[in-house]
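Q: Attaching a single structure in structure tokens format; questions to follow.
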Amino acid sequence: MALAKIAFIGRKQGTSHKDASSFRGGFTLERARKGEEIGLSQSGLEKVDDFAQADCSFIRINPEQVNSRALTRITRAEEEAKRYSCVLNSIDGFLYQSNKTECYKVWKKNSVRCPEFIEFSPWQNKHTIIEQALHFIGSFGGVYVRTNNEDSGKGIYFFDKGASSKEISQAIFRLRLRSLTNRVSNSKILLMESINNQDNQGIYHVYRAHVVGQTVIGGYAIVGQSPVIHSRDVKASLWDSFVKYNGRLKGILSDDEQRAMIIRAFQSTKTDVGAIEFFCIKGQLIFLEVNPTWGGKHHFGGKGDSSLMDKIQRNKDLPELSLVNRWLAAEAYYQTLYQTIKTEFVK
């Protein structure tokens, strides 16, 4: 029985870019994540470079790396691929994946809970932005001041009731510089409602779920001691909270109603494969962003700090860590991802 076939479109791969040939043949992928090429090779899908041979094509890009020229190449490649088979992560969803403002608009239109927000040109009168930021602080207890087209790891500042106009002004200045130097153009300044997700121990959390079509294949929770947190911020000293929130995510994904809400929020952005981030406050899911190409380090803790990873290994049999262990087994994780693509999208 012949293997089902999949073709890829990236910023370079599968397009007219001069370096596109670098990714032809074998299971080579542009900016492959740890274990991804091996996982693909073991999934029962055969990678092809000719759209005419493919049973499906997958646009596999990081929106933060795509400028207008790359977007034109990708759009042309998608038009060609659509002549032969379905295309996953169509460029139709690019606006929602790359622009938080548009993502929140479509979520509000579809009654999906997300933060309140307001957007400004970077060159809007600074005092107007500061005034609105202070209004958000008064209304919500805090405000995120950020670029609208970068993920949560970049270009974001948090201010609470102790913030001064000068501190906010300095953040605006830095974001203006980012808007001039980002790979992608047309950055705006986005003010976002601060949603209080600090627990009684002073710990903040964020959940990330990985979705393929109608299936949540996994995810994990990260925790930290500040409102802006990343995987590198999770320390061994936060072990109890790390275990607790990953156990809670397991419960969320096991709940039919909450899992369906995650999938509905995800699909409303016209995304087929990717990650969605959210909080869970008193049982209510509050969605933050969608990313069609998640980071692939499969590691928790800071660079060079293996203390948390060592502790996970020693306690890998804890039921609360089943999702974490699944995520850390990178090759098997991507094998599952591509097998699910085959099941969900290849007819």
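Q: Which of (1) exposed (fewer than 13 other Cβ atoms within 10 Å of the Cβ); (2) modelled with pLDDT of 95 or more does residue 48 not meet, given it meets every other one?
A: The number of the failed condition is (1).
Q: When residues of the range 145-178 are filtered for being aliphatic (A, V, I, L, M) and without any contact (Cβ under 8 Å) to a residue 12 or more places away in the chain, how many remain? First the steps, then the outcome.
A: Here is the first cut: in the range 145-178, the ones aliphatic (A, V, I, L, M) are 145, 156, 163, 168, 171-172, 175, 177.
Applying the additional criterion that residues be without any contact (Cβ under 8 Å) to a residue 12 or more places away in the chain yields 177.
Residues meeting the conditions: 1.
Q: Are any of the residues in the range 224-244 in contact with a strand residue (DSSP E or B) (Cβ under 8 Å, 6 or more places away or on another chain), under 15 Å from residue 327 (Cβ atoms) and either without any contact (Cβ under 8 Å) to a residue 60 or more places away in the chain or not assigned by TED's automatic domain parsing to the domain that holds residue 335 (or both)?
A: No, the range 224-244 contains no residue that is in contact with a strand residue (DSSP E or B) (Cβ under 8 Å, 6 or more places away or on another chain), under 15 Å from residue 327 (Cβ atoms) and either without any contact (Cβ under 8 Å) to a residue 60 or more places away in the chain or not assigned by TED's automatic domain parsing to the domain that holds residue 335 (or both).
Q: A further question follows. So residue 327 clears everything in (1) outside any helix (DSSP H, G or I); (2) closer than 20 Å to residue 32 by Cα; (3) within 15 Å of the chain's Cα centre (by Cα) except one condition, right? Which one?
A: For residue 327, the exception is condition (1).
Q: Could you check residue 57 against (1) surrounded by 17 or more Cβ atoms within 10 Å (Cβ to Cβ); (2) touching a residue at least 40 places away in the same chain (Cβ under 8 Å); (3) over 30 Å from residue 2 (Cβ atoms) and say which number it fails?
A: (3)
Q: If you don't mind, there's one more thing I want to ask. Filter the range 184-220 for residues that are over 27 Å from residue 67 (Cβ atoms), in contact (Cβ under 8 Å) with a residue 60 or more places away in the chain and aliphatic (A, V, I, L, M) and give the result.
A: Across the range 184-220, the qualifying residues are 195, 206, 209, 212, 217.
Q: Do the conditions hold for residue 268, that is, is it hydroxyl-bearing (Ser, Thr, Tyr) and without any contact (Cβ under 8 Å) to a residue 24 or more places away in the chain?
A: Against the criterion (hydroxyl-bearing (Ser, Thr, Tyr) and without any contact (Cβ under 8 Å) to a residue 24 or more places away in the chain), residue 268 does not qualify.
Q: Is it fair to say residue 83 is charged (D, E, K, R), over 30 Å from residue 157 (Cβ atoms), over 19 Å from the mean Cα position of the chain (by Cα) and in a helix (DSSP H, G or I)? It would help to see each step written out before you state the result.
A: On the way: charged (D, E, K, R): yes; over 30 Å from residue 157 (Cβ atoms): yes; over 19 Å from the mean Cα position of the chain (by Cα): yes; in a helix (DSSP H, G or I): no.
Here the answer is no, as residue 83 does not meet what is asked.
Q: Restricting to the range 291-314, name every residue that is of a type in the set (Phe, Trp, Tyr) and within 10 Å of residue 236 (Cα to Cα).
A: Restricting attention to the range 291-314, the residues satisfying the condition of being of a type in the set (Phe, Trp, Tyr) are 294, 300.
Residue satisfying the conditions is 300 alone.
One line per residue, one yes/no per condition, for (1) within 16 Å of the chain's Cα centre (by Cα); (2) modelled with pLDDT of 95 or more:
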| residue | (1), (2) |
| --- | --- |
| 66 | yes, no |
| 99 | yes, no |
| 114 | yes, yes |
| 125 | no, yes |
| 128 | no, yes |
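Q: Does residue 38 satisfy the criteria of being touching a residue at least 24 places away in the same chain (Cβ under 8 Å), aliphatic (A, V, I, L, M) and assigned to a loop (DSSP other than H, G, I, E, B)? Before you say what the answer is, go through the steps one by one.
A: Details: touching a residue at least 24 places away in the same chain (Cβ under 8 Å): yes; aliphatic (A, V, I, L, M): yes; assigned to a loop (DSSP other than H, G, I, E, B): no.
Taking the combined requirement at face value, the residue does not satisfy it.
Q: Here is a follow-up. When residue 323 is evaluated against the numbered criteria (1) aliphatic (A, V, I, L, M); (2) closer than 16 Å to residue 231 by Cβ; (3) out of contact with any Gly (no Cβ under 9 Å at 6 or more places or on another chain), which criterion, by number, is the only one it fails?
A: Condition not satisfied by residue 323: (3).
The values are calculated or read from the model by the stated rules, or taken from the named source; none is laboratory data. Bear in mind that the values here come from a model prediction, so they are computed numbers and not experimental data. We place every Cβ from the backbone using ideal geometry, glycine too, and count neighbours over all the protein chains shown.
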